[in-house]
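Data block below; observations after.
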Amino acid sequence: GKTQDVSLKTIEKAPKDTQQKYHAISSKGESLKIVEADVLSSSTKDDIKTQLPKAIVVKKNLKKDVEILYASFKKFKETHSNAEEIKEFKMACEKVILAAQKSHTEIKEKVYTIYDKKK
């Protein structure tokens, strides 16, 4: 869609290094969505047990990436002169991070549901 193009142009305004960190989160966010779909389609504890480790690994890596991206963004913010571009880049980052958090929440709720129901 169109929003994708806008954010890609925005991302390209950042230094290569910062761009890579953004893309790392973006792709792990996509992985988390796939894992989320698997977890959400689980109907038993056994299903959950096979799917959950993947989710946990992706989530851990994502958390690390977010911290790295944040540090990288701070540098970009200090060295970049265009405030509008900084704001757009920040919004693009927040979008991928929020999407990942949403997936994580969905996964957690599904796990609670399964474990409560099947006590």
Which listed residue, of 27, 31, is among the small types (Gly, Ala, Ser) and surrounded by fewer than 15 Cβ atoms within 10 Å (Cβ to Cβ): 27
Could you grab me the full set of residues in segment 48-92 that are touching a residue at least 60 places away in the same chain (Cβ under 8 Å) and either farther than 17 Å from residue 11 by Cβ or touching a Phe, Trp or Tyr at 6+ places or on another chain (Cβ under 6 Å) (or both)? 48
Filter pass, residue 47 being under 13 Å from the mean Cα position of the chain (by Cα) and not hydroxyl-bearing (Ser, Thr, Tyr): no
Residue that is surrounded by the fewest Cβ atoms within 10 Å (Cβ to Cβ) [pool: residues in segment 34-46 that are free of Cβ contacts under 8 Å to residues at least 60 places away in the same chain and of a type outside the set (Gly, Ala, Ser)]: 46
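Per-residue answers, yes or no, for (1) of a type in the set (Lys, Arg); (2) at pLDDT below 95; (3) in a helix (DSSP H, G or I); (4) more than 12 Å from the chain's Cα centre (by Cα):
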position	(1), (2), (3), (4)
19	no, yes, yes, yes
42	no, yes, no, yes
60	yes, yes, yes, no
92	no, yes, yes, no
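The values are calculated or read from the model by the stated rules, or taken from the named source; none is laboratory data. Just so we're clear, the structure is a prediction, and the values are computed from it rather than from any experiment. Don't worry about glycine lacking a Cβ; one is built from the backbone with ideal geometry, like all the others, and counts go over all protein chains shown.
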